[in-house]
Amino acid sequence: MHLDARLRNGMTHAARDAAEAEEAGFDGAWTAENESDAFLPLGLAAAATSRLTLGPSVAIAFSRTPMTVAYLAADLQRFSNGRFVLGLGSQVRPHIEKRFGMPWSKPAARMRSFVQALHAIWDSWETGEPLRYESEFYRHTLMTPHFTPPRSEHGRPRVYLAAVGPLMTRVAGEVADGLLAHPFLTERYLREVIVPELRTGAERAGRTLDGFEIGLSAFVALDDADVEAVRRQISFYGSTPAYRPVLDLHGWGDLQTDLNTLSKQGRWDDMVGLVDDEVLQAMCCIGTPAEVATDLVRRWGGLAQRIRFNRPGDVPPPARFAPLVDAMRAVTPLV
């Protein structure tokens, strides 16, 4: 089980946070793409470290083209000496169309095509064969020597997909190297819903999940402030219809209806009180570092290969979780 840190947003803290994460014993570090670009800080992080796996969790695929992402990913893979992982997500239609001004249609099918196009581009660069990729969504048929990057001794980057619904989860199993699961998650939902959908996708593509990694952004709470932050975040996520299946599996579907009603009224503070301790504890590991470490391994051991500690709100520097890293290593061997 690999332990990953979250780098704070933007470029200001990227090098320091990455070096701190490596010193604290983390195995990887990820950026997010909300108020800043997800790729730029990773160059600074790569320069400041020597062993961390680095990647965006996630970069928004549909705000870009496969070609622009292929160049970015290849550059970071080469610069980091093979430590880069490309994490991609789709976002939702209003953001793609109204914020980024890009086309939206059939997101699962489009994501499949996006990843296939990436591989076609990287194959062309590696083999020198003509680039020939055409689908309903993307067309890449021009690549001349002048625009071909030098071959990398580190190979192509691994591609991980963020997925919530069954269609995108199957696509991850079909074409990706890993899944970045949403934090609004329970052990039961991962085991009973997500993993079977991944297997369905893999079988459809005639492959297995050998070597496939599931990465979690697991809610953890080491003090009362953490508990309150997680409860608030669960109330926010729980108001969204797309996440209702997680609640439905546990018989909590009415909570989604109530949270959604309050969200439409702008009653955000009132939503927090609807998340009772049963729901909170199903989604969050709470206690001392030793208690949280034991709970994380109990829930996710054998299911997930990567865990990132998720404390909603202001992102703390990686050193905040150094005691939890030590506790995890005391509970179970980490590779």
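Filter the stretch 70-127 down to the residues that are hydroxyl-bearing (S, T, Y) and crowded, with 22+ Cβ neighbours inside 10 Å, then identify the one that is farthest from G201 (Cα to Cα). Even if it seems obvious, please write down each step before you answer.
Initial filter on the stretch 70-127 (hydroxyl-bearing (S, T, Y)): 71, 80, 90, 105, 113, 124, 127.
After this cut, where a residue has to be crowded, with 22+ Cβ neighbours inside 10 Å as well, the list is 80, 90.
Details: S80: 31, S90: 18 Å.
Top of the filtered list is S80.
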Do you know which of the residues in the stretch 122-176 that are assigned to a helix (DSSP H, G or I) and in contact (Cβ under 8 Å) with a residue 40 or more places away in the chain is farthest from R244 (Cα to Cα)? W125
Here the residues within the stretch 253-280 that are farther than 20 Å from E228 by Cα and not polar (S, T, N, Q) are G253, D254, K264
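I'd like to check something: does the stretch 166-176 contain any residue that is in the same structural domain as Y71 (by TED's automatic domain parsing) and more than 18 Å from the chain's Cα centre (by Cα)?
To start, the set of residues in the stretch 166-176 that are in the same structural domain as Y71 (by TED's automatic domain parsing) comprises 166-176.
Next cut, more than 18 Å from the chain's Cα centre (by Cα) only: none.
No, every residue in the stretch 166-176 fails to be in the same structural domain as Y71 (by TED's automatic domain parsing) and more than 18 Å from the chain's Cα centre (by Cα).
On the given criteria, is D4 in contact with a Leu (Cβ under 8 Å, 6 or more places away or on another chain), acidic (D, E) and in contact (Cβ under 8 Å) with a residue 12 or more places away in the chain? Walk me through how you get there before you give the answer.
Details: in contact with a Leu (Cβ under 8 Å, 6 or more places away or on another chain): no; acidic (D, E): yes; in contact (Cβ under 8 Å) with a residue 12 or more places away in the chain: yes.
No.
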Keeping to the stretch 177-201, report how many residues are in contact with a Gly (Cβ under 9 Å, 6 or more places away or on another chain) and either farther than 13 Å from A163 by Cβ or not in a helix (DSSP H, G or I) (or both). 7
Selection from the stretch 20-54 of residues part of a strand (DSSP E or B) and out of contact with any Pro (no Cβ under 8 Å at 6 or more places or on another chain) yields G28, T53, L54
Pairs, please: C-beta under 6 Å, at least 6 apart or cross-chain, first residue closer than 16 Å to P183 by Cα and in the stretch 276-303, second buried (at least 18 other Cβ atoms within 10 Å of the Cβ) and of a type in the set (F, W, Y)? M283/F219; C284/F219
Matching entry among G215, G201, G206, G211 (being out of contact with any strand residue (DSSP E or B) (no Cβ under 7 Å at 6 or more places or on another chain), crowded, with 16+ Cβ neighbours inside 10 Å, assigned by TED's automatic domain parsing to the domain that holds Q91 and within 30 Å of S113 (Cβ to Cβ)): G201
V272 versus (1) modelled with pLDDT of 95 or more; (2) touching a helix residue (DSSP H, G or I) at 6+ places or on another chain (Cβ under 8 Å); (3) over 30 Å from A322 (Cβ atoms): which is the lone unmet condition? (3)
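Yes or no: D17 assigned to a loop (DSSP other than H, G, I, E, B) and either surrounded by 23 or more Cβ atoms within 10 Å (Cβ to Cβ) or charged (D, E, K, R) (or both)? Please lay out each step first, then the result.
On the way: assigned to a loop (DSSP other than H, G, I, E, B): no; either surrounded by 23 or more Cβ atoms within 10 Å (Cβ to Cβ) or charged (D, E, K, R) (or both): yes.
The answer is no for D17.
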Quick test of your reading of the structure: H95 fulfils all but one of (1) under 16 Å from the mean Cα position of the chain (by Cα); (2) within 22 Å of M168 (Cα to Cα); (3) not charged (D, E, K, R). Name the failing condition by number. (1)
Identity of the residue in the stretch 66-101, small (G, A, S) and not in a helix (DSSP H, G or I), that ends up nearest to A45 (Cα to Cα): S80
Quick check on the stretch 55-66: of everything there that is buried (at least 18 other Cβ atoms within 10 Å of the Cβ) and of a type outside the set (G, A, S), which residue is nearest to L180 (Cα to Cα)? V58
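Looking only at the stretch 227-240, count every residue that is buried (at least 22 other Cβ atoms within 10 Å of the Cβ) and over 19 Å from the mean Cα position of the chain (by Cα) and tell me the total. First the steps, then the outcome.
So the first thing to find is which residues in the stretch 227-240 are buried (at least 22 other Cβ atoms within 10 Å of the Cβ), and the list is 230-231, 234-235, 238-239.
Cutting the leftovers down to over 19 Å from the mean Cα position of the chain (by Cα) gives us 231, 235, 239.
Going through the stretch 227-240 one residue at a time, the tally reaches 3.
Could we say that V279 is touching a helix residue (DSSP H, G or I) at 6+ places or on another chain (Cβ under 6 Å), within 30 Å of V325 (Cα to Cα) and not aromatic (F, W, Y) here? Steps first, please.
Details: touching a helix residue (DSSP H, G or I) at 6+ places or on another chain (Cβ under 6 Å): no; within 30 Å of V325 (Cα to Cα): yes; not aromatic (F, W, Y): yes.
No, not satisfied.
Could you pull out the residue among L142, L76, L44 that is in contact with a Gly (Cβ under 8 Å, 6 or more places away or on another chain) and over 16 Å from M168 (Cβ atoms)? Lay out the reasoning, then the answer.
Working: L142 fails: in contact with a Gly (Cβ under 8 Å, 6 or more places away or on another chain); L44 fails: in contact with a Gly (Cβ under 8 Å, 6 or more places away or on another chain).
Answer to the check: L76.
The values are calculated or read from the model by the stated rules, or taken from the named source; none is laboratory data. In this text the structure is predicted, and so the values were computed from the model without any measurement. Cβ sites come from the backbone with ideal geometry, for glycine too, and all protein chains shown count toward neighbours.
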